[in-house]
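**Student:** Following this message is one structure expressed as structure tokens.
Nothing in this text is a laboratory measurement; each read-out follows from the coordinates by a stated rule. Since we're looking at a predicted model, the values are computed, not measured. Note that we place each Cβ from the backbone using ideal geometry, even for glycine, and neighbour counts take in every protein chain shown.
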Amino acid sequence: MPSEAPKPASDLATNVQASLNRFLEQFEPLRPELYRYCRHLTRSPWDAEDLAQDTLSRAFVTLARMQEPPRNPRAWLFRVASNLWLDRLRRTREVGGAPHEASTAHDPRPAREAAGTLIAQLAPQERAAVVLKDVFEFSLNEIAEALSTSEGAVKAALHRGRGKLTAEVPEEKQPPSSLVLDAFCAAFNAQDLDRLIALLLDTASVEVVGASEEHGPTDARNGMLYGMLFGSQRLAAGDPSTGIDSRWVQGALPASPRCELRAHRGELLLLLWYAHVDGEAVRAINRVELEGDRIARLQNYFYAPEFIAEVCGELNVPFRLNGYRHCRSDR
């Protein structure tokens with residue numbers, strides 16, 4: 001008997017997207033807490049946002065393989081995040097390097113995060129246990145589930161972790177200077193796509209975190225870089241054909257955003273200021289990785305409410321949020 005013909009790729013993509021939207025509608029209410037947990041683990045806003053995005057992606061794939069949905073979605077989602085984070089630390093150690101800890105970078109509000117800085121000194125399992133117990137008030141059973149271990153091991157990790165907490169202040173770290181990022185700002189503010197493309201490596205990736213990714217200057221020019229420059233026109237119009245939810249217009253004007261270089265926690269970030277009827281506000285933050293005098297990776301944090309709120313709060317700049325997704329739930 002001949003096998004059934006495979007569905008066209010377009011049908012498959014549509015079905016997967018529909019399933020993903022249903023998954024996100026169920027789990028997005030947990031997104032703020034997930035970000036907070038990832039933030040405590042990674043000690044870095046941008047690493048926390050990346051870990052939260054990866055957690056949702058892994059959870060979506062894992063859920064498809066489960067016979068029954070998780071009994072405790074919150075604890076299960078934290079378990080996925082914990083496993084991802086611990087796996088990354090193990091891989092880093094296996095290749096011979098110490099895991100990078102952004103907690104050593106300068107924090108403009110050290111008093112607020114003194115406890116978090118101390119927690120960053122703990123071993124990974126100890127840190128996760130202390131955070132789950134003392135910050136999120138998980139029970140010992142829930143912590144054991146989230147960390148894939150026993151209650152006895154959780155008790156031991158809590159005892160060790162709490163005994164290690166000491167008050168030490170990290171040294172201030174000065175952000176590097178970069179002519180490349182200055183050039184990016186100048187080209188962006190001049191709305192000069194050619195100059196922007198010239199700053200990219202041929203193998204560069206440009207990503208709207210949590211939404212889409214493109215590789216190479218040609219795709220970036222016609223796609224995401226163009227959208228960064230001129231997408232404000234669609235945003236301001238609230239055009240339903242684009243899938244933009246009208247809730248996120250928030251008085252946006254169609255003028256192209258302004259790019260500004262700012263130092264934050266030992267790193268240089270590119271803030272994108274959007275015009276609104278009541279003045280400018282940051283709606284997106286770009287993070288850039290360089291190779292020599294070219295851009296190897298550009299990450300645009302637009303659909304990252306917790307990340308944008310935290311970074312802009314620390315920089316004391318006005319901001320607007322854009323939700324978690326680039327399409328309405330009914331599309």
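**Student:** Each label point is 7 Å from the Cα along the Cα-to-Cβ direction; what then is the distance between the points at Arg160 and Met66, in nm?
**Tutor:** Simple spin-label model gives 2.8 nm for this pair.
**Student:** Take Ala255 and Arg91, extend 7 Å from each Cα along the Cα→Cβ direction, and tell me the distance between the two endpoints in nm.
**Tutor:** Taking the two extended label points, one gets 4.3 nm.
**Student:** Something else: Translational D (Stokes-Einstein, µm²/s) of the stretch 179-315 at 20 °C and 1.002 mPa s when Rh comes from the Kirkwood sum over C-alpha pairs?
**Tutor:** 141 µm²/s
**Student:** Distance between the C-alpha centers of the stretch 210-226 and the stretch 264-303? Whole Å please.
**Tutor:** First find each Cα centre; the distance between them is then 15 Å.
**Student:** Additional query: I need the calculated FRET efficiency for the pair Asn15 and Thr203, taking r as the beta carbon distance and R₀ as 35 Å, to the nearest 0.05.
**Tutor:** Given R0 = 35 Å and the Cβ-Cβ separation, E is 0.65.
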